[in-house]
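Remarks on the structure that follows.
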Amino acid sequence: GENVEQHPSTLSVQEGDSAVIKCTYSDSASNYFPWYKQELGKRPQLIIDIRSNVGEKKDQRIAVTLNKTAKHFSLHITETQPEDSAVYFCAASSTGSQGNLIFGKGTKLSVKP
Amino acid sequence: DSGVTQTPKHLITATGQRVTLRCSPRSGDLSVYWYQQSLDQGLQFLIQYYNGEERAKGNILERFSAQQFPDLHSELNLSSLELGDSALYFCASSPWTSGDNEQFFGPGTRLTVL
C-alpha cells in the first residue's frame, strides 16, 4: 500500500522567512496530493492540493510542487507569519484507493516574531 | 466551518466501556471517512463508507465498528475500551466521485478513557 514520508518533523523560522516541507510517496498510482494545516486541538483544514497532471500550484503565499518521476511533493510558504504556526500534514491518494488519504506524520512549524 | 458535524465534542469514559461517535457529512457528500489521531501523532485512517456501504478499511481494531445510515450520517462504535484508545477521532466527508477526493474534516470528538 501507499506510504508517505514527511520531513522535517519540526521547523522553526523567523517571521518573513520561507518554509519548505517535503514529502515522498511510494505508490506510483497516487494522483492527488493535499496539504492540511492543523492548529492545536482543531480540525485539519485543507490549504492547498495538487493533482498529478500539474507540476506546480500557487495560492497567495502558499505553493505546492510535484515531481512525479521522483515521487515527491513539497509545500512552500513564503513571507511566513506567526499565524502560520501549526502542524502541517501532507497526504496522497489514488482513484483506485477509494479516495483514501494516507497522511505523513506531520511537520510542526513555528514562526518566531 | 467545513459543514461536517461531529457529536459529542468530548467524551470521558472508563476502560471496558462502549461508546458511539456520530458524524454528519456535508450536504451532498456520499463518502465518510473515520480517522484516529493520538497525542502528537498523525492521522490514522480507520474506515470509509460510501452511500451506506463499507468501501475500505485501514488500521481499524476488531473492537471498533462503523456504519453509515440511509440519511448518510455515520457512527463509529468503540467497545471494550482501553487506555490507549484515548485520542481525537475525526470524520471527514467527500463527494468522492471519480477523481474528486477532497476531504473535509469535522471538528472531532476527543475521547478520554480513564
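The values are calculated or read from the model by the stated rules, or taken from the named source; none is laboratory data. What you see is a predicted model; the values in this text were computed from it and never measured. All Cβ positions, glycine included, derive from the backbone under ideal geometry; neighbour counts span all protein chains shown. Ligands, DNA and RNA are stripped out before the accessible areas are found, and what is left, the full protein with its side chains, is counted by its heavy atoms. Shrake-Rupley method; radii C 1.70, N 1.55, O 1.52, S 1.80 Å.
Applying a threshold of 6 Å to beta carbon distances and a minimum spacing of six or more residues, or different chains, the list of pairs starting in the stretch B:51-66 at a residue that is under 27 Å from residue B:15 (Cβ atoms) and modelled with pLDDT of 90 or more and ending at one that is open to solvent by 60 Å² or more (accessible area, probe 1.4 Å) and not in a strand (DSSP E or B) reads B:63/B:80. So which residues in the stretch B:9-30 are within 12 Å of the chain's Cα centre (by Cα) and either under 22 Å from residue A:37 (Cβ atoms) or open to solvent by 20 Å² or more (accessible area, probe 1.4 Å) (or both)? Result: B:20, B:22, B:23, B:24, B:25.
Looking at residue B:107, is it open to solvent by 20 Å² or more (accessible area, probe 1.4 Å), within 14 Å of chain A (Cβ to nearest Cβ) and modelled with pLDDT of 95 or more? So residue B:107 passes the test. Of the strands (runs of 3 or more DSSP E) lying entirely inside the stretch A:12-112, those containing at least 3 residues that are open to solvent by less than 10 Å² (accessible area, probe 1.4 Å), within 14 Å of chain B (Cβ to nearest Cβ) and in contact (Cβ under 8 Å) with a residue 40 or more places away in the chain span A:32-38, A:86-92. Of all residues in the stretch B:31-53, exactly one satisfies the criterion of being in contact with a helix residue (DSSP H, G or I) (Cβ under 9 Å, 6 or more places away or on another chain) and surrounded by 16 or more Cβ atoms within 10 Å (Cβ to Cβ), namely B:36. The residue that is nearest to residue B:43 (Cα to Cα), counting only those in the stretch A:68-95 that are within 13 Å of the chain's Cα centre (by Cα) and β-branched (Val, Ile, Thr), is A:87.
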